[in-house]
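Trainee: For reference, the structure I am asking about is given below.
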Amino acid sequence: MPDSKRYADDESEYTVVLERYNTVLDELFAGADVYVITPLWTAEAEVPSSQPITGYWHSLLVEDDPDPEFRTYCHLFAARRPWRRGCIDESLRDIADDKVAGVLITDTRMQRIHHPYAGGADVFLATSEERDRVRDRHADWLSRHPSGL
């Protein structure tokens, strides 16, 4: 968001958020298929029966909690789709509102990854040269904070 603002307050600001997300996603994935990977966090190893099994990909045990009795599982769902500008705007808006977190959009070879979140996005690319080109094209979108965050 302009001025490093984190959340949109009105439709004009949502327009800016979606335009920026879609501009970078178009640069990365136009004309290609992508995976939209969505995590679901639970305390159970099994995928919750309330979740549609469609798109289930993999479950991971997260082992970084200092309490050995506490277990967290991340169930990953992956949907393959042709990338079209605006095709995931509903999800991107939920992400911008912090209703959903941890979504990744990637090419089918997983060489380019776009990780949107409330207030911005991380973009992981195959080479530092490609990263620098994308960063330079959108330098005016970067945070003005001294840490870059």
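The values are calculated or read from the model by the stated rules, or taken from the named source; none is laboratory data. The structure displayed is predicted, hence computed values, not measured ones. So basically every Cβ, Gly included, is an ideal-geometry build from the backbone, and we count neighbours across all protein chains shown. The accessibility values were calculated without ligands, DNA or RNA, using every heavy atom of the protein model including side chains. Shrake-Rupley method; radii C 1.70, N 1.55, O 1.52, S 1.80 Å.
Matching residues to (1) under 22 Å from Val34 (Cα atoms); (2) touching a His at 6+ places or on another chain (Cβ under 7 Å):
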{"position": "Leu104", "(1), (2)": "yes, yes"}
{"position": "Thr108", "(1), (2)": "yes, no"}
{"position": "His114", "(1), (2)": "yes, no"}
{"position": "Gly119", "(1), (2)": "no, no"}
{"position": "Val123", "(1), (2)": "yes, yes"}
{"position": "Thr127", "(1), (2)": "yes, no"}
{"position": "Glu130", "(1), (2)": "yes, no"}
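Trainee: Starting from region 112-138, keep only residues that are open to solvent by 90 Å² or more (accessible area, probe 1.4 Å), then list their pairs with residues that are part of a strand (DSSP E or B) whose Cβ atoms are within a distance under 7 Å, requiring at least 6 positions of separation or different chains.
Mentor: Phe124/Ile113
Trainee: Can I ask one more? Can you name every residue in region 68-99 that is open to solvent by less than 50 Å² (accessible area, probe 1.4 Å) and part of a loop (DSSP other than H, G, I, E, B)?
Mentor: Residues satisfying the conditions are Trp83, Gly86, Cys87, Ile88, Asp97.
Trainee: Continuing with this model, one more query. Just give me the residues in region 54-107 being of a type in the set (S, T, N, Q) and within 29 Å of Ser12 (Cα to Cα), in sequence order.
Mentor: Hits for region 54-107 are Ser91, Thr106.
Conditions tested, residue by residue: (1) surrounded by 15 or more Cβ atoms within 10 Å (Cβ to Cβ); (2) more than 14 Å from the chain's Cα centre (by Cα); (3) in contact (Cβ under 8 Å) with a residue 12 or more places away in the chain.
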site: Arg6; (1), (2), (3): no, yes, yes
site: Asp10; (1), (2), (3): no, yes, no
site: Asn22; (1), (2), (3): yes, no, yes
site: Leu28; (1), (2), (3): yes, no, yes
site: Val36; (1), (2), (3): yes, no, yes
site: Ser49; (1), (2), (3): no, yes, no
site: Pro66; (1), (2), (3): no, yes, no
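To keep it simple, each residue is scored yes or no on (1) outside any strand (DSSP E or B); (2) acidic (Asp, Glu); (3) farther than 22 Å from Arg93 by Cβ.
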| position | (1), (2), (3) |
| --- | --- |
| Ile105 | no, no, no |
| Gln111 | yes, no, yes |
| His114 | no, no, no |
| Asp122 | no, yes, no |
| Glu130 | yes, yes, yes |
| Arg133 | yes, no, yes |
| Asp140 | yes, yes, yes |
| Ser143 | yes, no, no |
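Trainee: Could you give me the residue pairs with C-beta distances under 7 Å whose first residue belongs to region 78-106 and is closer than 24 Å to Thr42 by Cα and touching a residue at least 12 places away in the same chain (Cβ under 8 Å), whose second residue is open to solvent by 40 Å² or more (accessible area, probe 1.4 Å) and in a helix (DSSP H, G or I) wherever it lies, and which are 6+ apart or on separate chains?
Mentor: Val100/Ser91; Val100/Asp94; Val103/Ser91
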